[in-house]
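Notes to accompany the following structure.
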Amino acid sequence: MGNGEESYWLEASKLLEKARRLRGYERIVFEYFLEEVSVGYLRAEMELKSKGVRDPETAIRRLEELGLLERGRNSISLVKPLRAYLSRRRGYGLDEIYRS
């Protein structure tokens, strides 16, 4: 594992520690993005509302403030260290991510 890759693992570990403390709508939104990784704004809003999130935009903004999500041109994504972490840990369930 090179230094660049180690820094992603370290950063992802710090971010997952923040995610483990999420509750309520913020946790629902984070778990949605763990599954979807990157989603267009309109689709994310529709799907999150269907999951019972009353105000997806506020929850998404909060996760951006925590450094867990980022906005692209027309989409919202997990931040790069979390995307790299997930790409190497595919096949693990949410329990494993919250436990590791």
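The values are calculated or read from the model by the stated rules, or taken from the named source; none is laboratory data. Source: prediction; values computed, not measured. Quick reminder, even Gly has a Cβ in these numbers, built from the backbone with ideal geometry, and neighbours come from all protein chains shown.
Worth pointing out:
- Pairs with Cβ under 6 Å, 6+ apart, first in the stretch 41-64 and within 13 Å of GLU26 (Cα to Cα) and among the basic types (Lys, Arg), second modelled with pLDDT of 95 or more and surrounded by 12 or more Cβ atoms within 10 Å (Cβ to Cβ): LYS51/ILE28; ARG62/GLU26
- Residue in the stretch 4-39 that is surrounded by the fewest Cβ atoms within 10 Å (Cβ to Cβ), counting only those that are of a type outside the set (Val, Ile, Thr) and over 20 Å from SER87 (Cα atoms): ARG23
- Residue check, LEU69 touching a strand residue (DSSP E or B) at 6+ places or on another chain (Cβ under 8 Å) and surrounded by 15 or more Cβ atoms within 10 Å (Cβ to Cβ): yes
- Tally of residues being out of contact with any strand residue (DSSP E or B) (no Cβ under 9 Å at 6 or more places or on another chain) and among the small types (Gly, Ala, Ser) across the stretch 21-63: 4
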